[in-house]
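Here's the structure, in structure tokens; my notes come after.
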Amino acid sequence: MATSVPPQKDSTFQDHLPLMAEKLGGEGLMGELCNGFNLLMDRDKEVITFDSLKKNSAFLGLQDLTDSDLRSMLKEGDFDGDGALNQMEFCVLMFRLSPELMEQSQFLLEEALQQEFQDFDSFS
Ligand SMILES: [Ca+2]
């Protein structure tokens, strides 16, 4: 009944992606955020796949996540639908999952993105 996600949610978020990418770009914050990417990515493909995420998740303290949590995370961050996270997709996802980081950066997320985070939080 009231449990389904509003259909406009994803498109709302995707509309913000270019804006977020612009704000994220340039400064050291980007590197900070993306440190995890190098740890988690598949060395050959240079993207984060389910397998590479699962194999390396302990590096980011994610070892307690279940397979379905990891899949949700991949799916949540995968904007172009190729089933893997590239660096930008990963950075945006980290932003959404790290409220402390958002405060430090003085980066103002849109209400829609806050809602996204709360949705994801309910998985864990
Ligand atoms: Ca992708």
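So which of GLY61, GLY77 ends up being closer than 16 Å to LEU97 by Cα, touching a strand residue (DSSP E or B) at 6+ places or on another chain (Cβ under 8 Å) and either open to solvent by 40 Å² or more (accessible area, probe 1.4 Å) or at pLDDT 60 or above (or both)?
Among GLY61, GLY77, only GLY77 is closer than 16 Å to LEU97 by Cα, touching a strand residue (DSSP E or B) at 6+ places or on another chain (Cβ under 8 Å) and either open to solvent by 40 Å² or more (accessible area, probe 1.4 Å) or at pLDDT 60 or above (or both).
How many residues are assigned to a helix (DSSP H, G or I) and surrounded by fewer than 12 Cβ atoms within 10 Å (Cβ to Cβ) if we restrict to the stretch 64-74?
Of the residues in that region, 2 qualify.
If I ask for residues that are within 16 Å of the ligand (Cβ to nearest atom), without any contact (Cβ under 8 Å) to a residue 40 or more places away in the chain and under 16 Å from ASN35 (Cα atoms), which ones from the stretch 48-84 would you list?
Correct list: SER52, LEU53.
The values are calculated or read from the model by the stated rules, or taken from the named source; none is laboratory data. As the structure is a prediction and not an experimental result, all values here were calculated from the model. Note that each Cβ is placed from the backbone with ideal geometry, even for glycine, and that neighbours are counted across all protein chains shown. Please note that ligands, DNA and RNA were not included when accessible areas were found on the heavy atoms of the full protein model with its side chains. Shrake-Rupley method; radii C 1.70, N 1.55, O 1.52, S 1.80 Å.
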